[in-house]
Each structure stands twice: as C-alpha cells, then as structure tokens.
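Have a look at the structure below, then the notes.
Each value in this text was obtained by applying a stated rule to the coordinates, not by laboratory testing. Note that the structure is predicted; figures quoted are calculated from it, not measured. All Cβ positions, even for glycine, are placed from backbone atoms using ideal geometry, and neighbour counts span all protein chains on display.
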Amino acid sequence: MDGVLIDSEPLWKIAMEEVFGSLGSKLLKKDFEKTVGLRIDEVIHFWNKHENWGVVDENQIAEKIISKMEILISQNANALDGVCETLDFLKQQKVKIGLATSSSSRLIDIVLRELKIQHYFHVTCSAETENYGKPHPAVYLKVAEKLEVNPSKCLVIEDSFNGVIAGLAARMKVVCIPEKTHIINSKLKLADFSFDSMSDFYLKIKNN
C-alpha cells in the first residue's frame, strides 16, 4: 500500500520525525529508510533500542504516529500514477486483487476510502494481526489463503526490500517499483520484475 498505491512514505517520515523528536530523538527523515517496510511497532522498537529512548510503552508511541498519519493522509491523499488504470484493467480481466500491508487496518481504511478504490479489493490484510511483519511472508500468505489462490499463482507488487523478501519468501512472483524518495537499494534486483512506475507496469500487462 505505502509507496505502491499512495505516496505516503514522505508522510511516514514527517509523522515519525515529529513524534520521535518529542522523545528527544535526533533522527532525520533519511534515517527512516533503514526501517522501510516494517510494521510501525517494529520500527519503534528498533529505534527505541538504537537510540536508548527508554520508552516502556511503545504502543503509546505507535498510537501517536498512526493518529498523525490519519491526518496527513486525509490532507494528502493522491493515488500514484498508474494505480487506478492498473486496478481497472485487472478488474476487467477478473483478476482477484488483495492488499497485504505492514500498515494498520485503520490506515488501510482511510487510504482506500480517500483514494476511492475500496471496490477493487477482494480482501485486505494488515500485518498487525500476524506474529511477524515483513520481511516474514505471513501477511502475503494470509491474503493468498483468503483469496483461495495458491501462493505460486500470485504476483506481488512491492516498493521496499523488506517487501520484496516477504513476497519471494511466500513463493510468489514479485514486481518491484522502487519508492522514489529513497536511495535505490541495489538488492531490489532480487525481484522477478522491475518497473519505474505503476504506469509502466500497466502498459506492460495491457499490451501483453
């Protein structure tokens, strides 16, 4: 979802810089590239230990960030180029579409509502309900199970290295469309396919 359907990665950086800054953190937006693709609770736990914040109730920090994200998304909700065309095309082809994200179910709801794309998705799953988030494949396997599709018949679209690893670990084919505000990770070449944008991906599947 983040960085694939909506350009929300910059918003995550704003929210984390603000909330973490209130804890005395010196982290900058570029530092958050280290934790892209992880669940917010895992991000908070990583930086809590790395910067020695001494925060006991990490859930409270997560709640503040998610609440801030709800505001930022409602103010800046724009689908990335090619997203609506791709979803339309896949729906016409009667392809089952699922959403597997590290974001919370609250953010799934607001993103799909603000972009007006709820009707395209047969199922949505948040890694918040799994024991492990990405790069563990659990959330992708859960989507395949709910879609009643063999994982090997699924195609994942990802923007982060942790997401690519999760898709491959689920035995799915993976398309990588790198998020543009990050330094491109050379390890993203592990994906089966790579495109510069969802628009490029759409033109490829439409013309094949």
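Out of the stretch 10-97, which trypsin sites (Lys or Arg not before Pro) are coil in DSSP terms and have no more than 15 other C-beta atoms within 10 Å? Can you show the working numbers first?
Numbers: sites: K13, K26, K29, K30, K34, R39, K49, K64, K68, K91, K94, K96; in loops: K26, R39, K94, K96.
Of the trypsin sites (Lys or Arg not before Pro), the ones in loops of the stretch 10-97 whose Cβ has at most 15 other Cβ atoms within 10 Å are K26, K94.
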Exercise. Please work out the Cα convex hull volume for the chain and give it in Å³ per residue.
Key: 111
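Which whole-number percent gives the relative contact order of the chain, counting Cα pairs below 8 Å spaced six or more residues apart?
Dividing the mean separation by the residue count of the chain yields 21 percent.
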Practice problem: Quick one: dipole size for the stretch 69-191, taken about the Cα centre, charges +1 on Lys/Arg Cβ and -1 on Asp/Glu Cβ, in debye to the nearest 20. | Solution: 400
Exercise. Would you please classify the overall shape of the stretch 9-75 from the alpha carbon gyration tensor, given that a ≥ b ≥ c denote the square roots of the eigenvalues, rounded means a/c under 1.5, and beyond that prolate means a/b larger than b/c while oblate covers the rest?
Key: prolate
Quiz item: According to the square roots a ≥ b ≥ c of the eigenvalues of the Cα gyration tensor, what is the shape class of the stretch 83-206, taking rounded for a/c under 1.5, prolate for a/b larger than b/c otherwise, and oblate for the remainder?
Solution: rounded
Self-check item: Residue-averaged 222 nm ellipticity for the chain, from DSSP H runs of 4+ at -39500 (n - 2.57), nearest 500
Solution: -13500 deg cm²/dmol
Quiz item: Hey, if you put +1 on the Cβ of every Lys and Arg and -1 on every Asp and Glu Cβ in the chain, which of L72, V56, G98 ends up farthest toward the positive end of that dipole?
Solution: G98
Quiz prompt | Coil-residue GluC sites (Glu not before Pro) of the stretch 113-202, DSSP, other Cβ within 10 Å capped at 13 | solution = E148
Self-check item: Set K29/K142; K64/K116; K116/K173; K68/K96; K94/K142; K64/K153 screened for pairs whose C-alpha atoms are more than 29 Å apart
Solution: K29/K142; K68/K96; K64/K153
